[in-house]
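For reference, the structure discussed in these notes is given below.
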Amino acid sequence: MEGEIRDVHDYPQAGVVFKDLGRLWSSPELNKRIVREACVRYQSNPSGLPDCIVGIESRGFIYAMAMAIALNVPFIPFRKKGKLPPPTRSVDYSLEYGQASMECALEAFPAGSKVLIHDDVLATGGTAGAAAQLVRKLDAEVWGFSFLLELEFLKGAIKLEREEPHAMLHTYLIIE
Ligand code: AMP
């Protein structure tokens, strides 16, 4: 599977090694394997399934939706500012360069829901951490995090474990 992830140097800006997942997404076998393994993992979890799966715009949508269909739970999009009709809830957060906002529908899920947050890549953890804040703003619980790829050297998992000590965290492929 690692062979299907293409490193693109200095994209989208100098110094960044962008992980291009295009080849992986185009493989029906790998798509099936990733979703099947996620299903086995969550279906065999002693605390049961999450109440819904959040996908972070935009590359987080891809497997979040596939997992939600396979597990028969709702898929909830967390989107960039201005993409969802009102009423919404939003959270502001810092990126490596600058600020961003993430939004979801005000009634995305009921208070007390157990929410699984999925994104494609875990880097510094800022984006997933902001999604967790938004879940808490809706009085729900971060049940877990799921990523396809973790860039371990950026220590995002350590940050998320500190912020959400009760949430499980699973990454399909860790890059040291
Ligand atoms: P972070 O907030 O630093 O954890 O960054 C995670 C978000 O940025 C995810 O939504 C990824 O899609 C994107 N991202 C960060 N670094 C990379 C990278 N090296 N390759 C691809 N996407 C990345």
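The values are calculated or read from the model by the stated rules, or taken from the named source; none is laboratory data. Everything quoted here is computed from the prediction, not taken from an experiment. Cβ atoms come from the backbone with ideal geometry, glycine included; neighbour counts cover every protein chain shown. The accessibility values were calculated without ligands, DNA or RNA, using every heavy atom of the protein model including side chains. Shrake-Rupley method; radii C 1.70, N 1.55, O 1.52, S 1.80 Å.
The set of residues from segment 92-113 being surrounded by fewer than 21 Cβ atoms within 10 Å (Cβ to Cβ), of a type outside the set (A, V, I, L, M) and in a strand (DSSP E or B) comprises D92, Y93, S94, Q99, S101.
Among residues of segment 142-158 being crowded, with 23+ Cβ neighbours inside 10 Å and of a type in the set (G, A, S), the one that is farthest from R41 (Cα to Cα) is G156. Scanning segment 125-134 for residues that are touching a Ser or Thr at 6+ places or on another chain (Cβ under 8 Å) and crowded, with 21+ Cβ neighbours inside 10 Å gives a single hit, L134. Entry remark, segment 125-154: residues being outside any strand (DSSP E or B), free of Cβ contacts under 8 Å to residues at least 60 places away in the same chain and near the ligand (Cβ under 10 Å from one of its atoms) number 5 in total.
Restricted to segment 114-124, and to residues there that are open to solvent by less than 10 Å² (accessible area, probe 1.4 Å) and in contact with an Asp or Glu (Cβ under 8 Å, 6 or more places away or on another chain), the residue that is farthest from the ligand (Cβ to nearest atom) is V115. Considering segment 84-98, the residues that are small (G, A, S) and modelled with pLDDT under 95 include one that is nearest to A132 (Cα to Cα), namely S94.
If a residue has to be over 18 Å from I175 (Cβ atoms) and either at pLDDT 95 or above or within 12 Å of the ligand (Cβ to nearest atom) (or both) to count, how many in segment 11-32 make the cut?
Residues flagged as over 18 Å from I175 (Cβ atoms) and either at pLDDT 95 or above or within 12 Å of the ligand (Cβ to nearest atom) (or both) within segment 11-32 amount to 8.
Just one of the numbered conditions (1) over 21 Å from I175 (Cα atoms); (2) open to solvent by less than 80 Å² (accessible area, probe 1.4 Å) is not true of D7: (1).
Between E57, E107, the distinction of being over 23 Å from G126 (Cβ atoms) and either acidic (D, E) or within 16 Å of the ligand (Cβ to nearest atom) (or both) belongs to E107 only.
Inspection of segment 64-73 finds no residue satisfying the criterion of being in contact with a helix residue (DSSP H, G or I) (Cβ under 7 Å, 6 or more places away or on another chain), of a type in the set (A, V, I, L, M, F, W, C), within 16 Å of the ligand (Cβ to nearest atom) and under 20 Å from L173 (Cα atoms). Is there a residue being open to solvent by less than 40 Å² (accessible area, probe 1.4 Å), near the ligand (Cβ under 10 Å from one of its atoms) and more than 21 Å from L49 (Cβ to Cβ) anywhere in segment 82-91? No. Just to verify a result, which residue in segment 159-175, among those that are within 12 Å of the ligand (Cβ to nearest atom) and within 12 Å of A128 (Cα to Cα), is most open to solvent (accessible area, probe 1.4 Å)? Across segment 159-175, the extreme among qualifying residues is K159.
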